[in-house]
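Each remark here refers to the structure printed beneath this line.
All of the numbers you see were taken from the coordinates with simple rules; none came from a lab. Keep in mind the model is a prediction, meaning the values are calculated, not measured. Here Cβ is always computed from backbone atoms with ideal geometry, including for glycine, and neighbour counts include all displayed protein chains.
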Amino acid sequence: METGSRTSRLLSALVSVLIVSSDAQAASLTLECTGTVTTSNVPKDGVVPDPDKDNVPDYSVVVDVDRAAVFGFWFETPTTGMTAAQTALPITDADAIGILYFVARRNQSAIAESIYGSVDLITGTVSAMENKLYPSGDVQTTEWDLHCKPTRPL
């Protein structure tokens, strides 16, 4: 599929789902979420310990149509005296029933990170899987299973 038409289709799908009023200038949606975050550490050599599963009582995810991005999972490492900024995770696809998909990769110092996930705008389900590969060969996997509601009604 041609990139221009895919981007156009993606933005059309996003706008049709996220417009909250007829005079909306910028379409973004803030979701307040609860759920679980499960972290597994897989050593290059040795025994894999049981994963850590934490309840998350209050977590925010933002879908920004203007930037075709999801925010709330990655943060930029701040320089001295600055606050960490959220990283825009690009929305790579959207389907006709309101599910948005995002994928990103980056290197932070010597750590290779990747994340992929989805936001279901109808059910409020947000899922994401992050992998970190450390120079030692160890891998850390973090899985978000969130149930969300918009901070204001659509």
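Within the straight-line cut-off of under 17 Å between alpha carbons, the aspartates and glutamates reachable from residue 53 are 130, 143, 145, sequence neighbours fewer than 8 places apart in one chain being disregarded. The packing ranking of peptides 142-150, 52-60, highest mean first, is 142-150, 52-60, where packing means the average number of other beta carbon atoms within 10 angstrom of each residue.
Computed from the Cβ-Cβ distance with R0 of 30 Å, the FRET efficiency linking residue 50 to residue 134 stands at 0.95. Seen from residue 89, the other residues with C-beta closer than 14 Å to its C-beta sum to a net charge of -2, counting Lys and Arg as +1 and Asp and Glu as -1.
Check the straight Cα-Cα distances from residue 44 and name the lysines below 18 Å, setting aside those fewer than 8 residues away within the same chain. Residue 44 reaches 132.
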